[in-house]
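Worksheet for the structure shown next.
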Amino acid sequence: MIELRGIHKSFGGRALFAGFDCAFERGKTTVITGRSGSGKSTLLRMLNQLERQDQGTLRVGDLEIPAGLSDGEWKRRVLQLRRRTGMVFQGYPLFPHLDVLHNVMLAPVRAFGVEQRIAEQRALELLASVGMDAARDRRPARLSGGESQRVAIARALATGPEALLLDEPTSALDPKSTEDVVIVIEGLRAKGMTLVMVTHSQELARRIGDRIVEVGAK
Ligand SMILES: Nc1ncnc2c1ncn2[C@@H]1O[C@H](COP(=O)(O)OP(=O)(O)OP(=O)(O)O)[C@@H](O)[C@H]1O
Ligand SMILES: [Mg+2]
């Protein structure tokens with residue numbers, strides 16, 4: 001279970017969240033919707049602490065990250081958190097200077113100290129699972145948007161997270177590429193992965209969402 005309790009978050013005096021509560025059930029898919037600028041990306045970024053909440057508490061299983069921790073304690077807990085969540089970012093998601101294989105291997109090797117050979121084997125398995133193993137040597141500039149997103153999903157899974165956070169994974173894609181990405185996401189859902197996905201697509205929300213949370217609704 002991932003939980004946000006009593007979350008406050010403002011930028012420059014503008015409150016995006018004021019006493020926001022939300023629970024994301026293990027093994028379920030939660031879809032986040034809301035108009036542009038309502039705070040959807042900020043919500044995902046708080047779930048892996050790329051953005052710290054001003055007040056309130058994030059809980060991921062037994063790991064608790066309240067606002068106001070000392071920097072040292074926060075860093076210690078965030079290291080544990082980052083092992084549990086993977087993120088697919090909005091927009092252009094890959095490291096442009098690395099080929100597909102090394103995009104997927106980077107975090108396991110650099111952040112978690114996994115041996116090259118083991119990281120490579122795992123990366124190739126993940127790339128195969130999203131249909132992108134044949135592109136292992138390609139740079140991101142030579143991938144279509146849908147292919148990039150599938151590699152970004154493989155990369156987010158490379159550290160073995162319990163939950164995957166996806167920020168508008170299909171927003172810039174044509175229907176065929178969208179379908180390729182959605183099939184990958186549906187596969188993860190069927191395997192019981194906990195998913196939190198931001199989308200503007202009502203159709204996609206209905207298709208894969210177990211629950212829909214609207215941000216910034218007044
Ligand atoms: N680090 C930041 N510093 C200052 N303002 C920020 C920061 N991050 C987000 N904002 C502001 O907070 C608001 C919400 O941003 P956010 O990216 O969460 O919206 P969103 O719902 O994801 O929008 P979109 O649908 O366009 O992606 C925006 O007004 C944005 O400019
Ligand atoms: Mg956004």
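The values are calculated or read from the model by the stated rules, or taken from the named source; none is laboratory data. Just so it is clear, the model here is predicted, and its values are computed rather than measured. So basically every Cβ, Gly included, is an ideal-geometry build from the backbone, and we count neighbours across all protein chains shown. Please note that ligands, DNA and RNA were not included when accessible areas were found on the heavy atoms of the full protein model with its side chains. Shrake-Rupley method; radii C 1.70, N 1.55, O 1.52, S 1.80 Å.
When residue 171 is tested against (1) within 16 Å of ligand 1 (Cβ to nearest atom); (2) more than 13 Å from the chain's Cα centre (by Cα); (3) part of a helix (DSSP H, G or I), only condition (3) is not met. Somewhere in region 181-192, is a residue within 18 Å of residue 90 (Cβ to Cβ) and among the small types (Gly, Ala, Ser)? No; the residues of region 181-192 include none that is within 18 Å of residue 90 (Cβ to Cβ) and among the small types (Gly, Ala, Ser).
Going through (1) surrounded by 16 or more Cβ atoms within 10 Å (Cβ to Cβ); (2) more than 16 Å from the chain's Cα centre (by Cα); (3) more than 16 Å from ligand 2 (Cβ to nearest atom); (4) closer than 20 Å to residue 89 by Cβ one by one, residue 112 falls short only on (1). One residue stands out among those in region 192-212 that are closer than 14 Å to residue 165 by Cα and assigned to a strand (DSSP E or B): the one that is nearest to ligand 1 (Cβ to nearest atom), which is 198. Could you please let me know if residue 113 is within 24 Å of residue 127 (Cα to Cα) and assigned to a loop (DSSP other than H, G, I, E, B)? For residue 113, the condition - within 24 Å of residue 127 (Cα to Cα) and assigned to a loop (DSSP other than H, G, I, E, B) - is met.
The requirement of being away from ligand 2 (no atom under 16 Å from the Cβ) and touching a strand residue (DSSP E or B) at 6+ places or on another chain (Cβ under 7 Å) is satisfied by residue 194. Only a single criterion out of (1) open to solvent by less than 50 Å² (accessible area, probe 1.4 Å); (2) more than 16 Å from ligand 1 (Cβ to nearest atom); (3) more than 14 Å from the chain's Cα centre (by Cα) is not satisfied by residue 183, namely (1). Restricting attention to region 27-40, the residues that are modelled with pLDDT under 95 and either open to solvent by 30 Å² or more (accessible area, probe 1.4 Å) or in a helix (DSSP H, G or I) (or both) add up to 3.
Being under 12 Å from residue 161 (Cβ atoms) and out of contact with any Pro (no Cβ under 9 Å at 6 or more places or on another chain) is the filter here; which residues of region 81-103 pass it?
First pass over region 81-103, keeping only residues under 12 Å from residue 161 (Cβ atoms): 81-88.
Answer for region 81-103, where residues must be under 12 Å from residue 161 (Cβ atoms) and out of contact with any Pro (no Cβ under 9 Å at 6 or more places or on another chain): just 81.
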